[in-house]
Amino acid sequence: MTTPNNHTAPQSVLMVCLGNICRSPLAEEVFRQKSRQAGFDIKVDSCGTAHWHEVNPADVRSRQVGKSRGYNIDQLRARQLKNSDFETFDLMLAMDKQNLADLQSIKDKLTAQGKTNLAQLALFSEQDATYQHQKVPDPYYGDMADFEQALDLIESMADSWINKWT
Ligand code: 4NP
């Protein structure tokens with residue numbers, strides 16, 4: 001595991017939301033495609049802080065809106081965040097502030113247990129001048145327009161991280 005800085009791309013990125021069925025699966029595939037297109041070889045995965053949808057495919061609305069823009073996430077299956085992710089991944093990107101707070105709380109506990117070299121944490125919007133400090137709103141209880149908007153933000157935020165490393 002390497003520690004990314006402002007100029008160096010991480011070797012691995014974990015996209016994190018609540019259920020791992022709406023936002024983070026899209027973020028995973030968008031980031032995978034965009035980072036590859038930019039010439040990076042970054043391992044990309046996603047998970048949810050909650051266990052509710054474990055092993056389920058992504059929400060059909062995310063799959064549909066993704067497919068309409070060239071992101072096929074049909075093969076992805078939801079999984080819950082696990083402690084070992086903090087040692088496996090260089091960078092964890094949270095879709096909203098609650099996701100980030102949940103990540104920070106687990107990282108703090110692991111640090112208190114003496115674990116070192118743990119993943120860096122950030123809000124997905126951190127590098128995005130257009131959407132800075134904003135969340136990717138949870139579209140689960142919304143309609144297709146909310147899923148379209150989530151994907152707009154995800155594409156912009158993915159570009160912002162990749163631009164930082166290029
Ligand atoms: P996600 O959306 O965190 O973007 O996957 C949600 C999916 C499911 C639920 C909440 C948010 N849920 O309450 O089941």
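Observations on the model:
- A simple count of charges around Arg23, restricted to other residues whose Cβ falls under 9 Å of its Cβ and scoring Lys, Arg +1 and Asp, Glu -1, yields -2.
- Length released on extending from Ala112 to Gln11, taking residue separation times 0.36 nm less the Cα-Cα span: 33.8 nm
- Computing FRET efficiency as 1/(1 + (r/R0)^6) for Arg36 and Gln120, where r is the C-beta to C-beta distance and R0 is 25 Å, gives about 0.70.
- Within the chain, percent of DSSP bridges classed antiparallel, to nearest 5: 5 percent
- Computed from the C-beta positions of Ala50 and Gln149, the FRET efficiency with R₀ = 22 Å rounds to 0.50.
- Mean ellipticity per residue at 222 nm, deg cm²/dmol - from DSSP H runs of n ≥ 4 across the chain, formula -39500 (n - 2.57): -12500 deg cm²/dmol
- Per-residue Cβ neighbour rank within 10 angstrom, fewest leading, Leu151, Leu91: Leu91, Leu151
- Mean Cβ count within 10 Å, highest first, over the residues of peptides 119-126, 81-88: 119-126, 81-88
- Dipole check for the chain: with +1 at the C-beta of Lys and Arg, -1 at the C-beta of Asp and Glu, and the Cα centre as origin, the magnitude is about 320 Debye.
- The phi torsions of segment 154-166, fed into the Karplus equation with coefficients 6.51, -1.76 and 1.60 and a -60° offset, translate into couplings of 4, 5, 5, 5, 4, 4, 5, 6, 5, 4, 5, 9, 10 Hz, rounded to whole numbers, with Gly and Pro shown as x.
- For segment 1-85, GluC sites (Glu not before Pro) meeting the loop criterion (DSSP other than H, G, I, E, B) and having at most 16 other Cβ atoms within 10 Å: Glu54.
- For the listed peptides 109-115, 59-65, a ranking on the average number of other beta carbons within 10 Å per residue, highest first, reads 59-65, 109-115.
- Note on Asp74 and Lys43: their simple-model spin labels are 2.7 nm apart, each label 7 Å out from Cα toward Cβ.
FYI, it's all coordinate maths here, none of it is from the lab. Every value quoted in this text rests on a predicted model; they were computed, and no experiment measured them. Counting neighbours? That spans all protein chains shown, and the Cβs are built from the backbone with ideal geometry, glycine included.
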